[in-house]
Structures are given as structure tokens and as C-alpha cells.
Amino acid sequence: MARSSAPRKRSSTAKGGQLRIIGGRWRSRKIEFPAGDGLRPTGDRIRETLFNWLQHEIVGASCLDLFAGSGILGLEALSRGAECCTFIDSYEPAYRSLTQQLLKLEVDPSNAAVIRSDALGWLRASQAPKHYDLVFVDPPFLLDITTQCIELLETSSVLADDALIYLEAGRTQTDTAVPANWQQVRHKSSGQVRYCLYRRTVPH
């Protein structure tokens with residue numbers, strides 16, 4: 001999900017805003033996002049670092065953007081050459097806004113799907129037709145559901161054997177336990193945000 005560097009709640013009556021895609025074919029294109037409690041658009045600096053980490057992995061990747069919000073992480077991935085992205089969010093204004101942004105960017109419907117659903121519920125029920133190479137996990141900090149999400153990702157059928165998983169959390173949150181077969185390959189902090197990239201491995 002696109003988030004700001006500080007976990008804060010917004011009033012549902014507050015105005016939304018705009019974000020800038022920072023790389024790829026849609027570089028400098030602006031997208032709009034709605035206001036909403038817990039919706040925290042990720043700033044340019046964090047996204048630039050993340051996609052520098054992913055520069056050799058992103059082309060042709062199948063992506064899953066859980067808690068998508070503005071959808072900026074998935075859109076940035078598509079802009080930089082990802083094959084496809086599935087966006088999951090339960091917030092109706094976010095769902096509508098993201099659907100409109102995909103239309104404005106003229107994204108082929110076969111390359112992007114927006115699903116209005118609770119992310120945890122979707123994972124529990126998921127019978128994904130493909131395994132995702134890259135998953136963005138960035139839930140509202142106040143919900144404290146990252147651990148549940150990680151457990152469901154590992155036990156569901158959605159991850160490719162060597163999937164990359166990006167996790168974003170509040171800097172003051174306790175360390176999140178991950179499965180033994182998830183190896184941390186990158187990590188960094190910026191302001192009130194901790195963000196990490198993991199590589200999943202499956203023994204053969």
C-alpha cells in the first residue's frame with residue numbers, strides 16, 4: 001500500500017491527495033488517492049530505495065499488492081516492467097479510485113485486477129491461479145496484523161517458491177516473526193517506518 005512515513009489517522013472527511021510515479025514508462029505521472037483512516041501513501045524516498053532493491057527482479061514479475069490503498073507500490077511495479085499485479089483493498093473509495101487510475105493509465109485489464117476484499121479474508125479463501133513472485137505487505141500500522149498476514153501468505157498457495165516479500169511497519173512496532181524459510185535480504189528505516197525485503201526459499 002502507498003503510505004506516508006508517519007503512521008497517522010486521517011478523518012474520512014479530509015481531502016485525498018496525489019502521488020507521483022517515480023520510474024518506468026509512467027515516470028512523473030500523477031495518480032490520485034482518497035482520504036481514509038490508516039491510508040498512508042509511501043513517500044518517494046522509500047519507494048525509490050525499494051525499487052532500487054528490486055531493479056533486477058521486477059521485469060516480468062507477477063505482483064500482489066495487499067492493503068493496496070492508493071495502489072502506488074503495484075503501479076510503480078507495473079510502470080517498471082512487472083507483468084501483472086493484483087490489488088487487494090477493502091476500502092470502497094480506494095477500490096474506486098484505483099480502478100479509475102488504471103483506466104487513466106490505460107493498463108490492459110489482463111495485466112491488473114482490483115479486488116475489493118479484506119486482505120486476510122482473501123488470503124484465507126484464496127485459490128490463486130498463479131503464484132506471485134513479489135508481494136507488497138503494508139497494512140495500517142494501528143491494526144497490528146502483519147504477523148497474521150505473514151502466516152497466511154506462507155500457508156496459502158499464493159507465493160512462488162522463491163518469492164520476494166516486502167514488509168512495511170511502524171518503527172516502534174516489535175520485530176515481526178517470519179517463517180524460517182524467509183531470509184531477509186534488505187532492511188532500512190526512514191522516519192517512523194521500518195521496511196524490509198525477504199526472499200522465500202522452499203527446500204527441494
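For residues that are touching a Phe, Trp or Tyr at 6+ places or on another chain (Cβ under 6 Å) and assigned to a strand (DSSP E or B), scanning just the stretch 65-88, find the one that is farthest from residue 19 (Cα to Cα).
Filtering first and then ranking leaves 88.
Could you tell me whether the stretch 3-20 includes any residue that is modelled with pLDDT under 90, within 25 Å of residue 121 (Cβ to Cβ) and either of a type in the set (A, V, I, L, M) or surrounded by 20 or more Cβ atoms within 10 Å (Cβ to Cβ) (or both)?
Yes: the stretch 3-20 contains one or more residues that are modelled with pLDDT under 90, within 25 Å of residue 121 (Cβ to Cβ) and either of a type in the set (A, V, I, L, M) or surrounded by 20 or more Cβ atoms within 10 Å (Cβ to Cβ) (or both).
Run down 186, 171 and say which single residue is more than 19 Å from residue 122 (Cα to Cα), basic (Lys, Arg) and touching a Ser or Thr at 6+ places or on another chain (Cβ under 7 Å). Spell out the reasoning first.
Working: 186 fails: touching a Ser or Thr at 6+ places or on another chain (Cβ under 7 Å).
Only one candidate passes the filter, namely 171.
What pairs come up if the first residue lies in the stretch 186-204 and is closer than 16 Å to residue 146 by Cα, the second is among the small types (Gly, Ala, Ser) and modelled with pLDDT of 85 or more, and their beta carbons are under 9 Å apart, counting only those six or more places apart or on different chains?
That search, which allows pairs on different chains as well, returns 195/189; 198/163.
Can you report the number of residues in the stretch 134-161 which are surrounded by fewer than 21 Cβ atoms within 10 Å (Cβ to Cβ) and in contact (Cβ under 8 Å) with a residue 60 or more places away in the chain?
4
Restricting to the stretch 89-99, name every residue that is buried (at least 24 other Cβ atoms within 10 Å of the Cβ) and outside any strand (DSSP E or B).
Keep residues of the stretch 89-99 that are buried (at least 24 other Cβ atoms within 10 Å of the Cβ), which gives 89, 94, 98.
Across the stretch 89-99, the qualifying residues are 94, 98.
Checking residue 127 against (1) over 17 Å from residue 193 (Cβ atoms); (2) modelled with pLDDT of 95 or more: exactly one of these is not met. Which one?
Every listed condition holds for residue 127 apart from (2).
Among the candidates 164, 102, which residue alone is part of a helix (DSSP H, G or I), buried (at least 16 other Cβ atoms within 10 Å of the Cβ), in contact with a Phe, Trp or Tyr (Cβ under 9 Å, 6 or more places away or on another chain) and of a type outside the set (Phe, Trp, Tyr)?
Details: 164 fails: part of a helix (DSSP H, G or I).
From the options 164, 102, the qualifying one is 102.
The values are calculated or read from the model by the stated rules, or taken from the named source; none is laboratory data. Please read these numbers as outputs of a predicted model, since none were measured by experiment. Positions of Cβ are generated from backbone atoms using ideal geometry, with glycine treated the same way; all protein chains shown enter the neighbour counts.
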